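First comes the structure, then the notes that go with it.
The values are calculated or read from the model by the stated rules, or taken from the named source; none is laboratory data. In this text, all values refer to a predicted model and were calculated from it rather than measured experimentally. Positions of Cβ are generated from backbone atoms using ideal geometry, with glycine treated the same way; all protein chains shown enter the neighbour counts.
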Amino acid sequence: MTEPGMPTFDQLAIFLAVVETGGFAAAARRLNRATSVISYGIANLEAQLGVALFDRETTKRPQLTTAGRAVLAEARTVSQGIDGLRAKVKGLLDGLEAEVHLAVDVMLSANRLGNVLRAFSARFPTVSLRLSVEGLGAVAELVLDGRAVIGIAGPVAAEHPAIERCVAGSVLLVPVAAPDHPLAQMKTLPSGAGRDYTQLVLTDRSPLTEGRDFSVIGLRTWRLADLGAKHALLREGIGWGNMPLPLIQPDLVAGTLVRLAMPDHPGGNYRFYGIFRRAAPPGPAASWLLQQFVEQGAGDGSSAADL
């Protein structure tokens with residue numbers, strides 16, 4: 001069985017030009033070559049592959065054969081891959097990173113994260129992104145270890161002396177419980193009521209905040225490393241706890257969670273900071289990404305007290 005030869009990228013480029021322009025002469029004009037060169041290139045490509053790509057006899061304009069249509073899809077894939085390779089190498093030559101590893105706090109709104117990353121993808125199409133979503137000190141740990149070049153961290157995680165930081169907005173955390181929870185059924189919550197019921201608390205995967213509690217008043221606590229699990233358990237009525245308002249706003253509307261008017265624990269602003277190691281400042285793409293979070297967070301409300 002005869003094996004097809006190896007076509008060159010130039011032959012594939014000629015083939016694509018003929019298909020896209022509709023003729024040999026038009027392809028010659030696009031590529032600034034003689035028509036005879038285009039014909040010769042197509043003939044060589046057909047000889048290499050061992051199939052006829054165009055029907056030149058039954059129509060005035062070259063029409064793709066069945067084999068030609070099959071080859072076209074692969075030729076386009078190869079061409080796009082080469083274009084992507086050249087763009088990536090150009091970015092490297094210009095000092096652009098090949099990849100950016102971003103770590104973000106789990107409290108950050110998914111809508112904001114999506115908006116920023118969509119803009120990043122459009123601005124830097126050749127830069128790969130690696131995203132880690134963590135809670136509390138784990139964001140700073142990824143940055144300090146050099147696994148992430150930049151992070152969007154909470155207030156405590158951004159305090160490390162080796163970290164450079166800038167304000168990147170905030171989110172309002174509010175105490176909530178399921179509607180059948182005893183705290184939700186009280187008309188007026190007395191001071192200290194939360195201490196008598198299980199509080200669901202987000203815990204840290206890293207050792208940076210080991211032994212420290214934040215906004216914890218319950219004498220009984222369940223500690224979870226996943227915000228989604230905490231959300232689910234709150235809806236099941238297992239306990240009460242603080243949650244970012246944008247995340248549980250649909251629950252408040254639907255009545256699956258109730259906001260608790262706790263006089264001594266009303267919630268507050270959870271501030272975000274853009275962070276990076278002072279010894280390893282971010283490159284152009286990562287710097288741009290960090291600035292987007294700063295700009296989008298500039299309009300966040302500040303009426304509540306910081307946690």
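Quick look at the numbers
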| quantity | calculated |
| --- | --- |
| First in the stretch 165-187 and on the phi > 0 side of the Ramachandran plot and at pLDDT below 90, second anywhere and buried (at least 22 other Cβ atoms within 10 Å of the Cβ) and in a strand (DSSP E or B), Cβ under 7 Å, 6 or more apart | none |
| Count of the stretch 29-71 residues which are among the hydrophobic types (A, V, I, L, M, F, W, C) and surrounded by fewer than 17 Cβ atoms within 10 Å (Cβ to Cβ) | 8 |
| Residues located in the stretch 197-212, provided they are at pLDDT below 85 and out of contact with any Asp or Glu (no Cβ under 9 Å at 6 or more places or on another chain) | T203, T209, G211 |
| Wholly enclosed helices (runs of 4 or more DSSP H) of the stretch 219-307 bearing at least 2 residues over 18 Å from the mean Cα position of the chain (by Cα) and either without any contact (Cβ under 8 Å) to a residue 24 or more places away in the chain or crowded, with 16+ Cβ neighbours inside 10 Å (or both) | 227-235, 245-254 |
| Answer from R130, R147 - the residue that is surrounded by fewer than 18 Cβ atoms within 10 Å (Cβ to Cβ), charged (D, E, K, R), at pLDDT 90 or above and assigned to a strand (DSSP E or B) | R130 |
| Among (1) touching a strand residue (DSSP E or B) at 6+ places or on another chain (Cβ under 8 Å); (2) touching a residue at least 60 places away in the same chain (Cβ under 8 Å); (3) exposed (fewer than 13 other Cβ atoms within 10 Å of the Cβ), the one test that P155 misses | (3) |
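Here's the yes/no breakdown for (1) within 10 Å of the chain's Cα centre (by Cα); (2) modelled with pLDDT under 95; (3) within 21 Å of C166 (Cβ to Cβ); (4) surrounded by 12 or more Cβ atoms within 10 Å (Cβ to Cβ):
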position	(1), (2), (3), (4)
L96	no, yes, no, yes
L102	yes, no, yes, yes
M107	no, yes, yes, yes
G135	no, yes, yes, yes
A138	no, yes, yes, yes
L142	no, yes, yes, yes
